[in-house]
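Please read the structure below before turning to the comments.
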Amino acid sequence: MTETSSNLFIRLDPQDNVVVARTKVEPGIFVATEGVTTQQEVPAGHKIAARVLQKGDPILKYKTVIGYAKEETKPGTWMHSHNIEFQDVIKDYRWGEDFRPVNLIEPLERATFEGIVREDGRVATRNYIGIFVVAHSSATVARKIASWFDANRLSNYPQIDGVVPFVHDQGSGTERSGEALALLHRTLGGYIEHPNIAASLIIGQDIDRADIRAFLDSQNIVIGDTVGALSVSASGGTKKAIEAGIDIIQNMLVNANRAQRQRVSAEHIKIGLQCGGSDGFSGLSANPALGVAMDILVRNGGTAVLSETSEIYGVEHTLTSRAATPNIGKKLVERINWWLDYNKGRDTQINGRVSPGNNAGGLANVLEKSLGGAKKGGNSPLMEVYQYAERINTHGLVFMDTPGYDPVSVTGQIAGGANLICFTTGRGSCFGSVPAPTIKLASNTPMYRRMSADMDINCGVVIDGDATLEKMGQEIFERILQHASGTPTCSEAIGVGLNEFVPWPIGTTD
Amino acid sequence: MLDMHRYSVYTFLIDVSADYFYAHDTKTKINITTTQFNMSVISCNSSATFEGFVREDGRVGTRNYVGVFVAGNCAATSARKIADWFNAERLKNYPNVDGVVPFVHEIGCGMEMTGEPMDLLRRTLSGFIRHPNMAAAIVLALGCERNNIYSFMEQEALTTGPMLHTLVMQELGGTVNTINAGIAAIESMLPAANDVVRQTVSAKHLSVGVLCAGDDALAARAASPALGVAIDTLVRQGGTGILTATSSIAPMAQSLAARAESSDIKQKLEQRIQWWDKYTQNRDTRYNHQKHRANVDHAFMNTLEQNARRAGTTPLKGVYEYAKPIIDPGLAFMDAPSFDAVSATGQIASGANMICLATGSGSSFGSLPAPAIKLAATSELFESMEDDFDIDCGLAETGMLDIDHLGQLIFESILDHASGKKTKSEIIGIGENEFVPWPIGAFA
C-alpha cells in the first residue's frame, strides 16, 4: 500500500460519499484524508466511494443526489455509470421561496466596455453584415456572395468584422405552418434584428418573392437601407443572383463602416452560457467560476442566459426555488416536462445516457452532468424563462429553452439577443459563433495546454490549487469586458463560426 | 425543309436541339452540320457506353473526388478549411482529381445515440465515403460526439488505410493542428487519387437518382415523362434509376406497387407509407397536404402521376430505406423526403452516380460527388436561367421534338455528363452545401 498526499482527490462537501480524482490514480493508493484505498485505476475527473455504500444508497456529490448505488460497494471503489444507477430523484421545487432581489451596483459605478451603440440604443459587441436564406435552396448563393467579400475587398472598411453567410438546412422540407416554421422564422428574425448585424440580405427562390415576404411579414421586418432582399429566379438564376447580391452588399458597406465604439455600461452585455464536451472537472472549476462571473455581471445590470434544458434536468429545483415568481419556476418545469415527453423512448441524454466524451470524462449520467452544468449560471435569482430564439428583454439571470446540442443552443441564444457566448469544456471544444463571439473556458490544465489555440481561459488553475473560484470568476468577468470591446477570441482568430448557425430542426423533414 | 422525309426531319431537329442545349451560349450560331447526333445510342438493341473510372472492386465512377467528412457539426469549420486549401492552383498537378469537397452536416451530436436516426446518419456518411466517385476521404471528429467516430467506423465496417484517414480534434490538439494534419493527409492521397484514367464501359454502371417536386404542374407536361423515357432506356441497358420523394408517391402507391416484381417489394412499399402516416401525423407537411389534395382534386392527382413517370415505366425491382445501398439494377424506390437536397443525398449514398432534376420553377440545386443534370420544364424557364439548366424540355412543346426523342436526348446527355462533361451546376460550383442527411430524429 502506498500512502500519498490528500491532494489526489477533491472533496466537494462534507456530506458527500464520493470524492473526485484530480489526476489519474493507480489502484492500491491510500488516500489519507478519506482513509480509503483505491480498488481500481481511477481516471482523472472520475469518482471513488469515500465510505461503504449499500445497494440503493443515494450517491451524493455537491450534497446532491446523482444516482443510486447498484450494489454493495467497498470504500475506494471507482464509481461510474457501471455501478451508479440512474433514477428519478424526488425534488422539492420551493417555487420562488428563496428569491432575493439582486443587489445591483449603482448605474454610475458599473463596469464598462467599448460597445457599438446603434441608432435605437441597442449595443453591439461586433459589426457584421449577414446574408440569410429563407430556405436551404439558396445556400450556395449566400455562401458565394459572402466569400466574395474577403479581407482584401473589405480592407477599406475596417469597422466591418465581416460579411457572413447564415445558411441552414431548413425551409424546403419544413412543415408549412406551426411551431417548426415559426421557430425558423423567429430565429432568422432574431439574427437580422441582432445589434451585431449592421445590415442584412435575405435570399429566396420564388420569382415573386412570396417566400421572402412570408418570412418578413412574420417578423415585421421591412426592406430598407439595412435590409435587402434577393430572388434567385427573378435575378435570372444562380450566377446572376450572386452578382446581384454582391452589388447589394457593396452598397451597404459605407454605412456599415460608420460604426464606432464608445464606452458603455456592462448592463448591455448579454451572455449565452454553454457547456460542451463536459468532464468531471467542468462542475468543479470552469462552470462554478463562470457562475461567479455571471453573478458579477448580473450585479452590474447585465444578462446571463442559461439554456440546454436537458442539461439542467435533475437540478431544476435549484432554479425554481430562486425564481422571481412561482410562475417563472413553473414555466421552467413545464419545459422540462415537454422534453421528457418529446424524448420518450429515445436514446437521448435526458433519459440518462450522456455522450461518450462526457462518460469518458467521469460523468456517470445526466444528473451529474446537470449538477455541474447549472453552476455556470451563478446564484442570482431566475428572472424569466424564454422559448427558443425568443427575444430576451429582461436583465439578470434568465433561462432559454434549447436542446443541449451546442450549435443549436447558441443559435437560439444569439437569436434572443446574446452578444457574447461563454462556453465551458472539459474534453476540449472547437466551437465558434458569429455574430456574437464565443469565449471558451477549459476545465483542466492538461486539456488547456493541448488545445491552447482554441481555449481562451484556463480554469484548470482552480483544480491545480493556483486560484480560488472567486479570483477565477473575477478574471473571467474582466475577459468578458475585453472581448465585448473587440479583442478577438481564439475562435475568431482561427475563423470558426460560419458553420455553427443551426436553427433547431424541431419538426419533421419532408 | 418541310419537304424533307421523316427521318431527315428528325435528324435535323435533333441536331438543332442538341446544339441548342449543348452550346447554349452560341445558340445563335446553330449549324445543322456541326453536331451530328449519335443515333446509335437511341437504339434499344445496341449497347450504350460512357467513359467512366473503373474502381478496384469493379464499381464505376463518373467523377473523381476527395471528400472531407465530419462525424458531427463540431468539425465542420475544420473540414471546410481543409477543403478550401485545395484550390485550383494547389490541385493543378492533379488534373484527374475533380476537387476536394467538404461534406459537412448539422447533426452528429445532440441526437439519439442509437437507433434509426444514428444508423441513418452513419450509413449516409459511409455511402458517400465508399462511393465510386470518391477516390479518397478523411473523416474528422471533435472526439466527444454522440456519433463516436470509432464506433461509426466499426459499425460501417470502414477501415482506415492510405486512402481513408480519421482525425480526432481533441486528440490532435484543436482546430489548427487538425486543419494542418488534414491538409497533410490529403496531400499524401492526391498522387494515388490522380492516378486514374477513364475507360469505355457499359451504361449499366450508371445509377441515376431522379428528382422532381410531385406537384410541379409544368414539369408534368414534358420534363418528367421525357426523363422517364431516358430512365427506361437506361434500365434496358442494365442500369439503375432511383425514384424518391415518398410524399408525392404515396397517393399513387397502388399503381407503383402493381409494378413490383414480388409481393415482398410491394409489402415493403406499403410499410414505408405506413411509417410516413405516423411520422407526419397531425403535422402540416407536404405528405399530408398532397395526400389530401390528391383525393379531392383529379387534376392534381394527374400531375402527381405524370411526375412519377420521371422514373420510367419498368418493373419495380426494389424498395429501399433511405441511403441503403441499391443491390439490384433496374428501377428502385428509395424512401426519402421530397426536399431535393435530402433526397439526392440519400440517392448518392445508395450509389447514384448521376442525378437528374426536372423542375418548372427556378432551382439553384447541384450535387456532389454525383453531378446533377437540370431539366427546365419550359423554354421560358430555360432561357431565364440559362446558367443553371442543362436541358430545355420546352422543346417538346414547340413541336420540334416528341417526348420519346426528348427522352433519348436526355439519355445521351446523361452519358455525356457521366463521361466527364461538366453540368451547369458544376460550372457554377454548386453542390458543397447540398449534402443534407435526413434529420429524422429528435434533438436533445
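Things worth noting here:
- Residues that are in contact (Cβ under 8 Å) with a residue 60 or more places away in the chain and more than 9 Å from chain B (Cβ to nearest Cβ), drawn from segment A:231-253: A:Gly245, A:Ile246, A:Ile249, A:Met252, A:Leu253
- For B:Tyr150, the requirement of being of a type in the set (Phe, Trp, Tyr), within 13 Å of chain A (Cβ to nearest Cβ) and surrounded by fewer than 24 Cβ atoms within 10 Å (Cβ to Cβ) is met.
- Among the residues listed as A:Asn327, A:Asn287, the single one being in the same structural domain as A:Ala418 (by TED's automatic domain parsing) and surrounded by 19 or more Cβ atoms within 10 Å (Cβ to Cβ): A:Asn287
- Listing of helices (runs of 4 or more DSSP H) fully contained in segment A:133-236 that carry 2 or more residues being of a type in the set (Gly, Ala, Ser) and crowded, with 20+ Cβ neighbours inside 10 Å: A:139-148, A:179-192, A:232-235
Let's see how each residue does on (1) more than 21 Å from the chain's Cα centre (by Cα); (2) under 18 Å from A:Glu384 (Cα atoms):
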| residue | (1), (2) |
| --- | --- |
| A:Ile242 | yes, no |
| A:Leu273 | no, yes |
| A:Ser282 | no, no |
| A:Gly291 | no, yes |
| A:Ala323 | no, yes |
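- Residue in segment A:423-430 that is free of Cβ contacts under 8 Å to residues at least 40 places away in the same chain, more than 24 Å from B:Lys81 (Cβ to Cβ) and away from chain B (no Cβ under 12 Å) present: no
- Selection status of A:Glu119, outside any loop (DSSP other than H, G, I, E, B) and surrounded by fewer than 18 Cβ atoms within 10 Å (Cβ to Cβ): no
- The helices (runs of 4 or more DSSP H) located wholly in segment A:373-467 that include 1 or more residues which are modelled with pLDDT of 95 or more, in the same structural domain as A:Asp295 (by TED's automatic domain parsing) and under 12 Å from the mean Cα position of the chain (by Cα) occupy A:406-415.
- Looking only at residues of segment A:478-500 that are within 14 Å of chain B (Cβ to nearest Cβ) and part of a helix (DSSP H, G or I), we find that the one that is nearest to the chain's Cα centre (by Cα) is A:Ser491.
- Failed condition for A:Ile312, given (1) at pLDDT 95 or above; (2) of a type in the set (A, V, I, L, M); (3) surrounded by 22 or more Cβ atoms within 10 Å (Cβ to Cβ): (1)
- Test: residue in segment A:405-414 that is in contact with a Leu (Cβ under 6 Å, 6 or more places away or on another chain) and crowded, with 24+ Cβ neighbours inside 10 Å: no
- Residue list for segment B:91-147, restricted to those being facing chain A (nearest Cβ under 8 Å) and among the acidic types (Asp, Glu): B:Glu106, B:Glu112, B:Glu145
- Options A:Gly396, A:Gly417: the member that is away from every other protein chain (no Cβ under 14 Å), closer than 17 Å to A:Trp504 by Cα and touching a residue at least 12 places away in the same chain (Cβ under 8 Å): A:Gly417
- Listed by first and then second residue, the pairs linking a residue in segment B:363-378 that is in the same structural domain as B:Val101 (by TED's automatic domain parsing) to a residue that is surrounded by fewer than 24 Cβ atoms within 10 Å (Cβ to Cβ) and not aliphatic (A, V, I, L, M), with Cβ atoms under 6 Å apart and 6 or more places separating them unless they lie on different chains, form an empty list.
- Filter result (of a type in the set (A, V, I, L, M, F, W, C), within 12 Å of chain A (Cβ to nearest Cβ) and in contact with a helix residue (DSSP H, G or I) (Cβ under 8 Å, 6 or more places away or on another chain)) within segment B:406-444: B:Ile428, B:Ile430, B:Phe435, B:Val436, B:Trp438, B:Ile440, B:Ala442, B:Phe443, B:Ala444
- Filter pass, B:Val54 being at pLDDT 95 or above and in contact with a helix residue (DSSP H, G or I) (Cβ under 6 Å, 6 or more places away or on another chain): no
- Residue match in segment B:210-219 (condition: crowded, with 24+ Cβ neighbours inside 10 Å, at pLDDT 95 or above and closer than 20 Å to B:His131 by Cα): yes
- Residues of segment B:62-113 satisfying the condition of being of a type in the set (Ser, Thr, Tyr) and closer than 30 Å to A:Ser409 by Cβ: B:Thr77, B:Ser78
- Hey, A:Leu297 farther than 20 Å from B:Gly110 by Cα, surrounded by 24 or more Cβ atoms within 10 Å (Cβ to Cβ), in contact (Cβ under 8 Å) with a residue 60 or more places away in the chain and not small (Gly, Ala, Ser) or not: yes
- Candidates A:Arg346, A:Arg322, A:Arg391 - the one that is touching an Asp or Glu at 6+ places or on another chain (Cβ under 8 Å), within 14 Å of another protein chain (Cβ to nearest Cβ) and of a type in the set (Lys, Arg): A:Arg346
- Residues satisfying the stated conditions in segment B:68-82, i.e. within 13 Å of another protein chain (Cβ to nearest Cβ), surrounded by 24 or more Cβ atoms within 10 Å (Cβ to Cβ) and either basic (Lys, Arg) or touching a residue at least 60 places away in the same chain (Cβ under 8 Å) (or both): B:Val68, B:Val70, B:Ala71, B:Gly72, B:Cys74, B:Ala75, B:Thr77, B:Ser78, B:Ala79, B:Ile82
- Evaluated against (1) in contact (Cβ under 8 Å) with a residue 40 or more places away in the chain; (2) within 14 Å of chain A (Cβ to nearest Cβ), B:Ala219 falls short on exactly one condition, (2).
- In the set (1) assigned to a loop (DSSP other than H, G, I, E, B); (2) within 28 Å of the chain's Cα centre (by Cα); (3) β-branched (Val, Ile, Thr), the condition left unmet by A:Thr33 is number (2).
- Inside segment B:153-187, residues that are farther than 24 Å from B:Thr62 by Cα, away from every other protein chain (no Cβ under 13 Å) and in a strand (DSSP E or B) make up a count of 1.
- Some residue of segment A:443-451 being surrounded by fewer than 24 Cβ atoms within 10 Å (Cβ to Cβ), touching a residue at least 24 places away in the same chain (Cβ under 8 Å), under 19 Å from A:Leu273 (Cβ atoms) and not acidic (Asp, Glu): no
- Which numbered condition A:Lys375 misses (of (1) in contact with a strand residue (DSSP E or B) (Cβ under 9 Å, 6 or more places away or on another chain); (2) away from every other protein chain (no Cβ under 11 Å); (3) in contact (Cβ under 8 Å) with a residue 24 or more places away in the chain): (1)
The values are calculated or read from the model by the stated rules, or taken from the named source; none is laboratory data. Source: prediction; values computed, not measured. A quick note on method: Cβ atoms are made from the backbone with ideal geometry, for glycine too, and the neighbour counts reach across all protein chains shown.
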